[in-house]
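Novice: I'd like to ask some things about the structure below.
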Amino acid sequence: MPHKSPRVVCEVNTCTHWLPGDLCGAANIDILYEEEGRMAEKDAHTKCKTFYKRSGLTSYLGSLDNVNWGGLISGPFKGGQQITPAVVCIVESCKYWVNGNLCEANAIKVTGRSADECQDTNCATFEIRQ
Ligand code: SF4
Ligand code: SF4
């Protein structure tokens with residue numbers, strides 16, 4: 001059975017991929033360690049690397065190569081299917097992490113409202129693997 005990516009709820013309203021309703025319009029996102037090489041012990045040690053600060057037209061154009069056009073064209077809620085990106089996550093210390101850099105949570109929440117850079121964002125769904 002193909003792996004199903006978690007639904008993404010994101011409150012990072014300063015990201016160029018952010019859509020009203022706390023949706024993410026990117027085609028795919030990467031969840032990484034906040035500091036390279038440092039194993040995450042809490043959600044603040046993670047980040048959405050795909051964060052791209054929205055600041056007018058230039059950054060909007062800069063993000064056009066990672067837009068979930070299919071999701072946008074079919075509409076955010078068509079057929080009960082909410083627009084959501086494919087998630088790649090390398091945070092192995094999280095209990096939802098599975099081989100292949102996948103996340104088996106049903107949904108994840110990305111936090112960091114008003115973030116200026118990707119280090120300000122977190123995967124709030126992170127839970128340390130025991
Ligand atoms: S911060 Fe990440 S999850 Fe949130 S809108 Fe931007 S790319 Fe999507
Ligand atoms: S819940 Fe865990 S495995 Fe899923 S994206 Fe967040 S940090 Fe990665």
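Just so you know, all these numbers are worked out from the coordinates, no wet-lab data involved. Note that the coordinates shown come from a computational prediction; the quantities given were computed from them, not determined experimentally. Using ideal geometry, Cβ is built from the backbone for each residue, glycine included, and neighbour counts are taken over all protein chains shown.
Novice: Once you have the Cα-Cα distance between E36 and K4, take 0.36 nm times their residue separation minus that, and quote the gain in nm to one decimal.
Specialist: My answer for the length gained is 8.9 nm.
Novice: Something else now. Give me the net charge for the shell around V88: Cβ to Cβ below 10 angstrom, other residues only, Lys and Arg +1, Asp and Glu -1.
Specialist: 0
Novice: For D65 and E11, calculate 0.36 nm times their separation in residues minus their Cα-Cα distance, and state this gained length in nm to one decimal.
Specialist: Roughly 17.3 nm would be gained on extension.
Novice: Continuing with this model, one more query. Give me the net charge for the shell around I128: Cβ to Cβ below 13 angstrom, other residues only, Lys and Arg +1, Asp and Glu -1.
Specialist: Here the count lands on -1.
Novice: Quick one: which residues, 5 or more positions from L23 or on another chain, have an amide H under 5 Å from its amide H? H modelled 1.01 Å from N in the peptide plane, none for Pro or chain starts.
Specialist: So L23 has HN proximity to C10.
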